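Rule-based calculations on the coordinates, nothing more; no lab input. Quick caveat: nothing in here was measured; it's all calculated off a predicted structure. When we count neighbours, we look across all protein chains shown, and the Cβ atoms used for this are built from the backbone with ideal geometry, even at glycine.
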Amino acid sequence: MTSPLAFSGKRKHYMGEHTLFSIGAVLMGTSHPCMTCGACCACFRISFYWAESDLAIPEGMPHVLTDHLQGHFLVMKGTSSPAPRCIALEGSIGGKVRCTIYEQRPTPCRNFVPSGEDGRAENNRCDMARGKWGLPPLNAACWNRHAEKG
Ligand code: SF4
Ligand code: SF4
């Protein structure tokens, strides 16, 4: 499948292969840092191949939440603007947030890794998104708190 990055040439910020959420995590663990962030859902344009949608597969991403981008690509409504915010994001950035289509979220969202999760490298796009919303980068202390609380 073609990468959503194929259409990333005209804008400054995109959800790339290290991109969106663990907002997935939003639905899983109550102390996960993404649950009180959501910055990356309000920072990048989120585009993906149309065949991920329910236009192609019944259980796919609801296409009514998307706009046509170009060619075979869709974009999450609300993310292709100077002040992006995904239509599927519920809550306040930096407060309690939730992806309302978590199970069907598109590939860019599934591939996004929060900075430093599970001892992995920093994700500077996560750091950048948080910074845009006045949130500090995730650090070891954040993950330790998460591990303690479960
Ligand atoms: S910006 Fe980082 S911490 Fe915030 S929701 Fe996205 S992945 Fe999680
Ligand atoms: S689909 Fe969900 S995870 Fe992806 S940008 Fe929208 S709210 Fe965030």
Quiz item: With labels modelled as points extended 7 Å from the Cα through the Cβ direction, what inter-label distance (nm, one decimal) is found for LEU55 paired with ASN111?
Solution: 2.0 nm
Exercise. Filter the GluC sites (Glu not before Pro) in region 25-110 down to the DSSP loop ones having no more than 12 other Cβ atoms within 10 Å, then list what survives.
Key: GLU59
Self-check item: R0 of 22 Å, Cβ-Cβ distance GLU103-ASP67: FRET efficiency to nearest 0.05
Solution: 0.55
Exercise. Give a quick list of chymotrypsin sites (Phe, Trp or Tyr not before Pro) in region 102-146 that DSSP marks as loop, anything other than H, G, I, E or B, with at most 16 other Cβ atoms within 10 Å.
Key: TRP133
Exercise. Give the Rg (one decimal place) followed by the Dmax (whole number) of region 21-150, computed from C-alpha coordinates and expressed in Å.
Key: 14.6, 47
Quiz prompt | Relative contact order computed over region 30-150 (Cα-Cα under 8 Å; 6+ residues apart), in percent | solution = 30 percent
Quiz item: Using 12 Å as the cut-off for backbone N distance, which residues of region 34-74 belong to the label zone defined by a point 7 Å from the Cα of LYS149 along Cα→Cβ?
Solution: 34-37
Quiz item: Separation between the ALA121 and ASN139 pseudo-spin-labels, each 7 Å from Cα along Cα→Cβ, expressed in nm?
Solution: 2.2 nm
